[in-house]
């Protein structure tokens, strides 16, 4: 009974949901500033490959190497985000096309695969990886143990991150300014807030978090490198931001829900329940459409909908 | 007012050029601490440009600016804010999703210890306190999008007060207010100047200058013509300074009796506004052939919705609309066109025109469905182009050619394109909203003359305008709207601004 | 102030005549330089890599035929993106629309295998288009009637479509799956369509050369006429110059095609049927948007919905119609994949190549001009082909994606820089009232520069 399907599903929901959570929190910050970045998948893959590369090439004990790997992944993905930021914020280029271009440039067909093959990273096991910790020795507690107390450090760090982002957005003045930039940049500009800087900063932060989400794949989920290993997680992260109404706490809930769905189909199948796994895999996408329709009009749009200036370049009104 | 004689703000010889336009030509302005100083001028006189120079949005090409005797140079709006200058724009800069209090404190954190943390209860208390001190009642917890226009303006002013701005610039603040709300605003401004703050009041309305300002600087065609104390002058004198000639409100000569044919009839019309609340109640109106019927009212009392309901771009919730005797279905914007209605909308550049399309294509916007512009679902591009070339020549539209995108047209030329298109089919009825707003004197005159001609040739015109002079000049009858209702209908020859103003304020006659 | 925040854009007063040529050429050069730099930094000599890419993609044995195989679906998805983006409808669901098109076409082909090629081709095309129209109609209807962003909904439907495809072949005993052959029992695959449903191919170089000559002649004549009319009517000097340049270009194309016709081909080139349909579709979309009432209405709705409503247009129907048109085009690409090439519902193959997303690249590089889509599709098709063909074999994998992405990023930047100058330094920006005489291009409208 200890490893009933619920426990297994819940534990793997946290595990599979965590990279989604990192990437979605990053995208949430970018979107809250008004920048839609469809390049999440590409940024995640660059994070995954550079993080893995660091672990393979850097000598030293596990913990510092892994921390450096995370830093490298975050910086590399942020550099990708900088391309997008420059194009859509400074040059005011179309955000949809630019984000797609970034995914092609950096993603499974592009830079990440190139770096992986140049570094001959494929097919190697990781020298170091994030392993599950036994927190307070509670990992063996029935039911809650495997779910809550037997996860790796990145899972626990993500909880702290959710709290920080939530506090930042809703309980601080810089957070208020960020939301103003995404809702109404002209109002923010009129009171002296630097719209351009806010958008750059949060787009880059978004990239860094996507990079960490990608590194979770190559350093924790399956510690190795495989071209295109995120397999569409970046797109689910974009859906997740909508699904969570652009709110960090709900992003956590949504990430674990999506994580559960991605593993539930296989878990059920292994127990003889024959429902097509595609059904579960498709649910996040279908639910996102439903949620998006629900927040498209009227009251819900004002309270739960997308930042009003999302996707719109800001031009100071002149003459 | 200042005994020491150092003005709070002094501009000397400000020049601001835009390509092809000299917007400010050596403008001088001196504003004393503790005064309400009016910046008076017609549309296009350079008032907004000078306000934008003061707030750091534009950099002047020449001239200098001093605050309390010290020379200042602003590179961005932020610099001006830090120097204590705050501007309330005509279009408010509020975040709709934020509460009033959040809007007020946005971008400003007094004291180091509160730079990061945002305590909602505390800021709401603070904002309520400031609001009460100046008599600017507003619920600090209400979301900006739920506030009335008057309340939104109060939030804007609270922003300035909260950050203790020394100089407050208000750009045409009363355009959206009822006379009562304006009085409340004036009282608040008095309280502020009483504390030594300085108010610059940008306006083109003489009576407001007389009511609230201590001194006024008059601008005309980009130049400052001097500063006068309101106590030492009269509205007539100011008016003459402002327009440079004796202002004569010449009424349109009515030629003969109007016909009996009712070309536009509204009966018991109701409609909802953008927020889903009723914006029109039981509106009934008739326009006869050859007649100009004016609609007066403070902006936001249902005039926009009225025009949209007639044009069919807004569905109605009650009543009927008929053009030339044909009843129109609700919310159908094609039926009025076929019934012979012309419509010059308030929003020229995005409703009246498709800005990226060429002038030629914009001129076809109403006629593209029928021959000769189309044949078997195909457009005849050469025909459309030839037509445009003709119109450009006839209507004296200043543009490089028929393929020029409409967005490059000046306001006057854009209006000429729209009018040429709307009059091309000899409409039986014409709905015109704010036809001369933002146009220079010459364009205004030619638009007004054109409307008079249209009526003389037998069309019925519904003229919706906030400009009472325009209505008194052109209209035969004037209907006054207040809170979505027609509160009175007057013979234009037998009324005056005073009577209209009372009705517009909701003091039902 | 800090560097990136101090940059600002200034609108160019006049759009120079060389701009429409400079942007694509400049973007290609910039993308080659950027990709080359990435290769060089990581220790790969870019020049041999480029040479092999060019050789394999465009001039090597059979390169032209393979190029056409890849270019054919890209024409359809490129047109799908161009048709929608042109109206500022951001349909990024060509991927999913292509899948359902392939599913429906495979169904029609399997069901009508014995009723003759012509019938089968028509049925497959119609079934594919219908499926794409319905699939794209979902985001279209949601956008029109509930105001839901078609961007995200169409994207989500890509994944749902992909999972449907996987389900039909890998996780069910569907009509499409081969459950009888020995191979099919071990490895999940689709049923192979009968030969009668295979779309025909044309193996020649003469026919396309003739077509090219005719097109070039027509182009040269019409542009020359326009230049002449422009001079007579005293239009702006800028316009006249542009017409003249265009006319000269037309002549150059004409001469080149005559030369091409006289060269005896060392190899024959295989033209898939779908390629010709794609060309016809490109022409049809171009005419539709340029010359018809519908196209005019679409352009007005895309530019200013308020103006469209004001002019009595049914804007919601236009949104749905454009979405359906776009979905139908992409789905026709899916039908062509089945009919022209795979002859089976290839669930894995279809999802591996990202034809739908690449279509957006094609459309953007073609500046959303339908008539330029086939040209760009051919160029990109060769590039992508070379990428596949050179996989492994000590060729840097991922290079093609880098090149493709860099090309799109540079084009985007180029479009903006064509209309603006980038100026450093802070301070008040004086937006200048442009007195440009240039016409607004499709790319300007889509990318928001208009």
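The values are calculated or read from the model by the stated rules, or taken from the named source; none is laboratory data. The model shown is predicted, which means the values in this text are computed figures rather than measured ones. No Cβ is skipped: glycine too gets one built from the backbone with ideal geometry, and neighbour counts run over all protein chains shown.
Count of the stretch A:182-203 residues, restricted to those that are at the interface with chain B (Cβ under 8 Å from one of its Cβ atoms) and either within 19 Å of residue A:238 (Cα to Cα) or part of a helix (DSSP H, G or I) (or both), is 6. Is it the case that the stretch B:113-121 has a residue that's surrounded by fewer than 22 Cβ atoms within 10 Å (Cβ to Cβ), in contact with a helix residue (DSSP H, G or I) (Cβ under 9 Å, 6 or more places away or on another chain) and assigned to a strand (DSSP E or B)? Yes, the stretch B:113-121 has at least one match. Taking the listed residues B:70, B:78, the one that is away from every other protein chain (no Cβ under 12 Å) and out of contact with any strand residue (DSSP E or B) (no Cβ under 8 Å at 6 or more places or on another chain) is B:70, with no other qualifying.
Yes or no, residue by residue, for (1) assigned to a helix (DSSP H, G or I); (2) farther than 17 Å from residue A:194 by Cβ; (3) touching a residue at least 60 places away in the same chain (Cβ under 8 Å):
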residue: B:90; (1), (2), (3): no, yes, yes
residue: B:94; (1), (2), (3): no, yes, yes
residue: B:97; (1), (2), (3): no, yes, no
residue: B:109; (1), (2), (3): no, no, no
residue: B:129; (1), (2), (3): yes, yes, no
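The condition of being surrounded by fewer than 24 Cβ atoms within 10 Å (Cβ to Cβ) and in contact (Cβ under 8 Å) with a residue 60 or more places away in the chain holds for only one of A:228, A:214, that being A:228. Filtered by the rule that a residue be within 12 Å of another protein chain (Cβ to nearest Cβ) and either in contact (Cβ under 8 Å) with a residue 12 or more places away in the chain or closer than 17 Å to residue A:19 by Cα (or both), the stretch A:262-285 gives A:262, A:265, A:277, A:278, A:279, A:280, A:281, A:283, A:284, A:285. Residues that are at pLDDT 85 or above, within 12 Å of another protein chain (Cβ to nearest Cβ) and either in a helix (DSSP H, G or I) or surrounded by fewer than 18 Cβ atoms within 10 Å (Cβ to Cβ) (or both) within the stretch B:394-406 comprise just one, B:406. If you check B:386, B:390, B:489 for being in contact with a strand residue (DSSP E or B) (Cβ under 7 Å, 6 or more places away or on another chain) and either within 26 Å of residue B:370 (Cα to Cα) or not in a helix (DSSP H, G or I) (or both), only one passes: B:489.
The helices (runs of 4 or more DSSP H) found wholly in the stretch C:333-450 and carrying at least 2 residues that are at pLDDT 90 or above and over 30 Å from residue C:119 (Cβ atoms) occupy C:355-365, C:373-389, C:399-419. Residue B:456 meets the conditions (1) over 30 Å from residue B:46 (Cα atoms); (2) in contact (Cβ under 8 Å) with a residue 60 or more places away in the chain; (3) touching a strand residue (DSSP E or B) at 6+ places or on another chain (Cβ under 8 Å) in every case but one. The failed one is (3). Screening residue B:124 against (1) without any contact (Cβ under 8 Å) to a residue 40 or more places away in the chain; (2) under 24 Å from residue B:78 (Cα atoms) leaves a single unmet condition, (2). Whenever a residue of the stretch C:285-308 is more than 9 Å from chain B (Cβ to nearest Cβ) and over 12 Å from residue B:351 (Cβ atoms), its partners that are at pLDDT below 90 and surrounded by fewer than 23 Cβ atoms within 10 Å (Cβ to Cβ), lying with C-beta atoms within less than 6 angstrom and at least six residues away or across chains, give the pairs C:286/C:371.
Of all residues in the stretch B:320-361, those satisfying the criterion of being within 8 Å of chain C (Cβ to nearest Cβ), without any contact (Cβ under 8 Å) to a residue 60 or more places away in the chain, assigned to a helix (DSSP H, G or I) and closer than 15 Å to residue B:414 by Cβ are B:350, B:351, B:361. The single condition among (1) away from chain C (no Cβ under 14 Å); (2) in a helix (DSSP H, G or I) that residue B:49 does not meet is (1).
Screening the candidates B:59, B:66 for the property of being more than 13 Å from residue B:200 (Cβ to Cβ) and outside any loop (DSSP other than H, G, I, E, B) yields one hit, B:66. In the stretch C:385-409, the qualifying residues are those that are crowded, with 24+ Cβ neighbours inside 10 Å and more than 9 Å from chain A (Cβ to nearest Cβ), and the one that is nearest to residue C:79 (Cα to Cα) is C:385. Quick check: is even one residue across the stretch A:190-198 free of Cβ contacts under 8 Å to residues at least 24 places away in the same chain and surrounded by 24 or more Cβ atoms within 10 Å (Cβ to Cβ)? So far as the stretch A:190-198 goes, yes, one or more of its residues are free of Cβ contacts under 8 Å to residues at least 24 places away in the same chain and surrounded by 24 or more Cβ atoms within 10 Å (Cβ to Cβ).
Every residue, every condition in (1) away from chain A (no Cβ under 14 Å); (2) more than 26 Å from residue B:49 (Cβ to Cβ); (3) assigned to a strand (DSSP E or B), yes or no:
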site: B:145; (1), (2), (3): no, yes, no
site: B:150; (1), (2), (3): yes, yes, no
site: B:160; (1), (2), (3): no, no, no
site: B:183; (1), (2), (3): yes, yes, no
site: B:188; (1), (2), (3): yes, yes, no
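In the set (1) within 8 Å of chain C (Cβ to nearest Cβ); (2) surrounded by fewer than 24 Cβ atoms within 10 Å (Cβ to Cβ), residue A:110 fails one condition alone, (2). In this entry, residue B:428 passes the filter for residues that are under 18 Å from residue B:367 (Cα atoms), crowded, with 18+ Cβ neighbours inside 10 Å and away from every other protein chain (no Cβ under 13 Å). Restricted to the stretch C:26-117, the set of helices (runs of 4 or more DSSP H) holding at least 3 residues that are within 14 Å of chain A (Cβ to nearest Cβ) and surrounded by 24 or more Cβ atoms within 10 Å (Cβ to Cβ) comprises C:63-85, C:94-111. Reported count of residues in the stretch B:26-43, each being more than 13 Å from residue B:53 (Cα to Cα) and in a strand (DSSP E or B), is 7. Identify the residue in the stretch A:286-319 that is within 30 Å of residue B:48 (Cα to Cα) and more than 10 Å from chain C (Cβ to nearest Cβ) and, among all such residues, is surrounded by the fewest Cβ atoms within 10 Å (Cβ to Cβ). Filtering the stretch A:286-319 for residues that are within 30 Å of residue B:48 (Cα to Cα) and more than 10 Å from chain C (Cβ to nearest Cβ), the one surrounded by the fewest Cβ atoms within 10 Å (Cβ to Cβ) comes out as A:308. Picking from residues in the stretch C:150-170 that are without any contact (Cβ under 8 Å) to a residue 12 or more places away in the chain and crowded, with 20+ Cβ neighbours inside 10 Å, the one that is farthest from the other protein chains (Cβ to nearest Cβ) is C:152.
Here is a yes/no grid of residues against (1) modelled with pLDDT of 95 or more; (2) crowded, with 24+ Cβ neighbours inside 10 Å; (3) more than 7 Å from chain C (Cβ to nearest Cβ):
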position	(1), (2), (3)
A:82	yes, no, yes
A:92	no, no, no
A:96	no, no, no
A:101	no, yes, no
A:114	no, yes, no
A:117	no, no, no
A:121	no, no, yes
